[in-house]
Amino acid sequence: MIRTGAQYRDSIRDGRQVYIGGERVKDVTTHPGLKNGARAIASLYDMQCDPKLRDEMTYVSPTTGDRVGLSFSIPRTREDLEKRRVMMLNWARTTCGMMGRSPDFMNVTYAAWAGAADYFTQGLGRPEFADNMRNYYEYIRENDLTLTHSLINLQRSRDVSGMFNLKEGTALRIVRETDAGVVVSGARVLATLGPLSDEIAVYSPRLARHTDPHSPFALNFAIPCGTPGLRFLCRESFDLGRSHFDHPLGSRFEEMDCVVFFDDVLVPWERVFVLGDVEILNETAFATHSMTHTAHQGAAKNLAKCEFVLGVALLITETLGNAHLPHAEERIGELIMYTELMKACMRASEADAKLNQWGVMCPAAMPAEVTRNLFMTAYPRMVEILQLLGSSSFMIIPSEADFSGPLKPEIEQYLATDSTSARERVKLFRLAWDIAGSAFGSRQVLYERFFASDPLTRARVLKTIFPTKEVTERVRQFLARSDDTA
């Protein structure tokens, strides 16, 4: 059943071990560096409860008949994908595309895995793992839970293959098996939204090439964030405690990134989905098509972000009166191109979607994955365009308090433009600064560069799924015609 924002916030007051600035956080919903992120997620849950948005945001549970979040749906038709995209865009536009790990990201992941649950019984898998996956998916759907995830072991060095070395004492590993479950120890990064989630999913997109098909590092499980022995170490918060005027994005959408420490943490058997099987772990994203479902969700986020940056850029040129200048027109055109490319790829992934072997309608892989690869370079460029359009105006951003200070008359007189009051100009450029210059904005650039892995890995993914033989064969056929005399 869908939750309200208040119910969500109550659920994460569970005594979890969260540390920031050298101190344990007593309540993540009231801590100055975390509370506004919790409010942002709460607002997404409240959207689901809006009667006017009910049909866009929810659907009827196939097991209980209650309304549940549409991002949990297992799509069976192209129309199902389109409906889910509308829902995801509603959430992404609410956060201006600035919360990359909104709850729908993990929801679509588990929907894909539950739809292909039998995959987890293959190889070294156990028969109960399929039921574990189905039951867990139903549990998070019916309770409308928020999940974080942690995929990567901490880096100490890389071997000649380019993969991280996995070392006991650092990488998360299976310590022992008990009647109650498996015990794990080690550390993982980065649990974005970790302090503000109900549960944490732990798996890997890939594992180093082992000769042994079984590895203590090959894991896929999920547990509550308040589980004993689980601790979250937060980076410095980019919510500086300022007003929405001074830091309009940082004061709203701080989703927080964490290192997660596991100190002999017990994972109950019913929460285990992969145990030791390297091949099953490495192929999960491709075999279950969860990779393309998360790319589809990411495309919605990217589109919302493109739209928002484009809107800010258009207002900058309008405010400064330079919209008609050739360099401004060219840069605005580039932002429009990125926006339309995101939209086109997302819609193409829906139009060319196909059923997989488990009867799940999966977005077409190539256009969905292109959005990930494109955004790794497009978003930093979009931020650069904002900087070029705004130029020195980024330095003319007095604080909200200055509009009540002794220089208020001078500020209102000299900072106004022909089309905009001084206050509106400063408000706009403080927003632009939070995208293009602040710590919050810099983290967004870093996030978009690497959240889908590094550029080489993404390029290899494209090469894997692109029909290279088809295009090379066309060239070979053309070359064969070079001997034609006609």
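Which peptide among 355-366, 422-433 comes first, and what is the full order, when sorted by highest mean count of other Cβ atoms within 10 Å?
Output ranking for 355-366, 422-433: 422-433, 355-366.
In whole Å, what three semi-axes, largest first, describe the equivalent ellipsoid of the chain built from its Cα gyration tensor (square root of 5 times each eigenvalue)?
Computed over the chain, the values are 38, 31, 22 Å.
Where a Cα-Cα gap under 24 Å defines reach, which lysines qualify for K343, not counting those fewer than 8 residues away within the same chain?
Of all the lysines, those that pass the test against K343 - Cα under 24 Å, at least 8 places apart if same chain - are K83, K301, K305, K354, K463.
Need the full-extension length gain, T77 to L456, defined as separation in residues times 0.36 nm minus the C-alpha distance. One decimal, nm.
133.1 nm
Based on the Cβ-Cβ distance of Y139 and V475, what FRET efficiency does E = 1/(1 + (r/R0)^6) give at R0 = 45 Å, to the nearest 0.05?
Efficiency for this residue pair is about 0.30.
Just add up the charged neighbours of E400: K/R +1, D/E -1, any other residue whose Cβ is under 10 Å from the Cβ of E400.
Neighbour charge sum, excluding E400 itself: +2.
Suppose R0 equals 56 Å. What FRET efficiency, 1/(1 + (r/R0)^6) with r the Cβ-Cβ distance, do D66 and M337 give to the nearest 0.05?
So, using R0 = 56 Å, E works out to roughly 0.85.
For the range 9-82, which whole percent of the accessible surface, found with a 1.4 angstrom probe, sits on carbon and sulfur atoms? Don't skip to the answer; put the middle values down first.
Numbers: 1710 of 3740 Å².
Its accessible area is 46 percent carbon and sulfur atoms.
At what distance in angstrom do the alpha carbon centres of the range 192-242 and the range 415-486 lie from each other?
Comparing the Cα centres of the range 192-242 and the range 415-486, I get a distance of 28 Å.
Can you list the DSSP H helices in the chain whose Cα atoms extend at least 30 Å along the helix axis and whose mean Kyte-Doolittle hydropathy is -0.5 or higher?
The qualifying helices are 290-320, 326-351, 365-390.
Which of the peptides 454-463, 84-93 is most tightly packed, and how do the rest follow, going by the mean number of other Cβ atoms within 10 Å of each residue?
84-93, 454-463
Rank-order 266-275, 5-14 by packing density, defined as the average count of other C-beta atoms within 10 Å over each peptide's residues, highest first.
Numbers: 266-275: 20.2, 5-14: 16.9.
Top of the packing list down: 266-275, 5-14.
When ligands, DNA and RNA are left out and all protein chains stay put, how many square angstrom of accessible area per residue does the chain have with a 1.4 Å probe?
I get 44 Å² per residue for this part.
Work out the P(r) tail for the range 408-486: percent of alpha carbon pairs separated by more than 15 Å, whole number.
That fraction is 76 percent.
Report the one residue of I385, Q413, V370 whose Cα lies farthest in the direction of the positive end of the charge dipole of the range 319-448 (charges on C-beta: Lys and Arg +1, Asp and Glu -1; origin at the Cα centre).
In the range 319-448, that residue is V370.
Residues with beta-carbon under 13 Å from that of Y447, excluding Y447: net charge, scoring Lys, Arg +1 and Asp, Glu -1?
Around Y447, the charge tally is +3.
The values are calculated or read from the model by the stated rules, or taken from the named source; none is laboratory data. Note that this is a predicted model, so its numbers are computed, not measured. All Cβ positions, even for glycine, are placed from backbone atoms using ideal geometry, and neighbour counts span all protein chains on display. Heads up: the accessible areas ignore ligands, DNA and RNA and are worked out on the full protein's heavy atoms, side chains in. Shrake-Rupley method; radii C 1.70, N 1.55, O 1.52, S 1.80 Å.
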